[in-house]
Amino acid sequence: MKLKRVLATVLSAAMVLSCLAGCGSSTADTSAGSTSSSASTDSASTDSASADSGEVQEITWMFWDDLNATEDLISIGYKETIDRFNKDYEGKYHVTPITTNLEEYYTKLNALVAAGETPDVFIASPGANLNDYALTGVAAKLDDYLADGWKDTFTSDAVFAGGTYSDGIYAIPLNIAAACVFYNTEMFEKAGAEVPKTFDELLTSCQKLQDAGYTPITISAGTAWCLSMVAGYLCDRNGLVLSDIADHKTDWKDEKVINAGKQIQELSKYFQKTAAGDDNDIATAAFYNEEAAILIQGSWAIAQINGNNPDFESKCGVFQFPGIDGANDPNRMIVKTDNLLMSSTTEHQDAAIALMKMFTDEEAQKYTAEIGGKFPV
């Protein structure tokens, strides 16, 4: 598809900026996630006993989309994997999905963790969200499971960066996505707007779009992770080293951060009037329904766009977030992965690992590349 080809070109020419800790932040209850060697032994014994008795091992998998109502192509692919797992392992393993929506996902997951009902397998974004589970004992370390040759099937060790900690690997990547800018090529042409290479050119294009009667940008300004992509790019483009804040070499009062904040204010003049109240799905729908000219999102939006309005693809272009004159290299990109984690307290490790392996097998990854709109791992 044209949209995925263009995005692949952008990504291949870019350097990775950082992993995006998307989809909000949360705090896991550490008391529910503590582990010990005896707990691990008990789980393994239960797993073996279930297999010997011929009982079906029941596990759960938690995700942030309704698999039966979604139009998102990635989510549809995940449903196909779940269905395939239950068919291929019929009589041995069975997985039941626990689904919700993106905005409530971590709140509901944390409630299950606090109640001692952590899903056997669950999904998490890299960064603060994944840290909540990997650093508190909620998620299991996966190095031993990867050592059987599974890790060799991935494209490189680099895809594990977001889930690797000082003592090992806690997350299995499913795909790679890049934060970028989608635009309506027809609106740009009619407004006489150019694809911008600098932030000033972006403002100029937005003004031309607005003058032509179009809403320049649609965004969920009230959703922290959506606005953080814009903020992260502007901080980077101004020359800020984002890790310096975490390392206390600078802080949020840094002049580069202040400049980025002012630039967000400038850009916000071109947001849709309902930006503060629109959630991500509404903001994205406004783009593929041609109610706005620009969507600043990640390549994961391709599955949502194509799933809901495949005919729009012929009008959809993509460019990397513009640079700031005299600052950082504008080829740097924010990237993220969807990651699978296994509960440290699951009683059915074999079933959980079998499910995780199916999510990363050739059939699932081929779907990711050819239909889902993300880059396979």
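Quick notes on this structure:
- Each listed q (0.18, 0.23 Å⁻¹) maps to a log10 I(q)/I(0) for segment 86-181 from the Debye sum over equal C-alpha point scatterers, namely -1.05, -1.34.
- Amide H to amide H, with H built 1.01 Å from N, Ser299 comes under 5 Å of Ala178, Ala179, Cys180, counting only residues 5 or more places away or on other chains.
- Members of Lys92/Lys357; Lys108/Lys151; Lys273/Lys374; Lys108/Lys249; Lys141/Lys357; Lys190/Lys273 lying beyond 25 Å, as alpha-carbon distances in this model show: Lys108/Lys151; Lys273/Lys374; Lys108/Lys249
- With the simple model of a label 7 Å out from the Cα in the direction of the Cβ, Phe312 to Glu194 spans 2.7 nm.
- Electrostatic tally near Val335: other residues with Cβ closer than 14 Å to its Cβ, Lys and Arg +1, Asp and Glu -1, net +1.
- Long-range HN-HN contacts of Cys316 with modeled amide H, under 5 Å: Thr185
- When only Cα pairs below 8 angstrom with a gap of at least 6 residues are kept, the chain shows a relative contact order of 32 percent.
- Over all distinct Cα-Cα pairs of the chain, the Kirkwood formula returns a hydrodynamic radius of 21.8 Å.
- Computed 3J(HN,Hα) for segment 366-377, one whole-Hz value per residue from the Karplus formula 6.51 cos²θ - 1.76 cosθ + 1.60 where θ = phi - 60°, is 5, 4, 4, 6, 8, 10, x, x, 10, 8, x, 9, glycine and proline marked x.
- Full-stretch length increase - Ala115, Glu103 - with 0.36 nm per residue and alpha-carbon distance subtracted: 2.3 nm
- Entry for segment 199-293 at q = 0.16, 0.23 Å⁻¹: log10 I(q)/I(0) = -0.71, -1.15, Debye formula applied to identical alpha-carbon scatterers, no solvent contribution.
- Mean residue ellipticity (222 nm) of the chain, computed from DSSP H runs ≥ 4 via -39,500 (n - 2.57), nearest 500: -12000 deg cm²/dmol
- Once you reduce segment 146-179 and segment 332-361 to the center of their Cα atoms, the two points are 10 Å from each other.
- Across segment 310-317, rounded Karplus estimates of 3J(HN,Hα) from the backbone phi angles (6.51 cos²θ - 1.76 cosθ + 1.60, θ = phi - 60°) give x, 5, 6, 4, 5, 9, 9, x Hz, Gly and Pro being marked x.
- Antiparallel bridges, percent of DSSP beta bridges restricted to the chain (to nearest 5): 60 percent
- Normalised contact order of segment 57-168, rounded percent, pairs of Cα under 8 Å and 6 or more residues apart: 30 percent
- Formal net charge of residues neighbouring Asp167 (Cβ-Cβ distance under 10 Å; K, R +1; D, E -1): 0
- Neighbour-limited loop hits for chymotrypsin sites (Phe, Trp or Tyr not before Pro), segment 245-327 (at most 14 other Cβ within 10 Å; DSSP other than H, G, I, E, B): Trp252
- Cα gyration tensor shape for segment 237-377, rounded if a/c is under 1.5, else prolate or oblate: oblate
- Using a cutoff of 8 angstrom between alpha carbon atoms and counting only pairs six or more residues apart, the relative contact order for segment 126-229 works out to 16 percent.
- Rounded, prolate or oblate (a/c below 1.5 giving rounded, otherwise prolate when a/b exceeds b/c) for segment 321-371 by Cα gyration tensor: oblate
- Near Ser220: Cβ cut-off under 13 Å, other residues only, Lys/Arg at +1 and Asp/Glu at -1. The net charge is -4.
Here, each number is a calculation from the coordinates, and none is a lab measurement. In this text, all values refer to a predicted model and were calculated from it rather than measured experimentally. Every residue, glycine among them, receives a Cβ derived from its backbone with ideal geometry; neighbour counts consider all protein chains shown.
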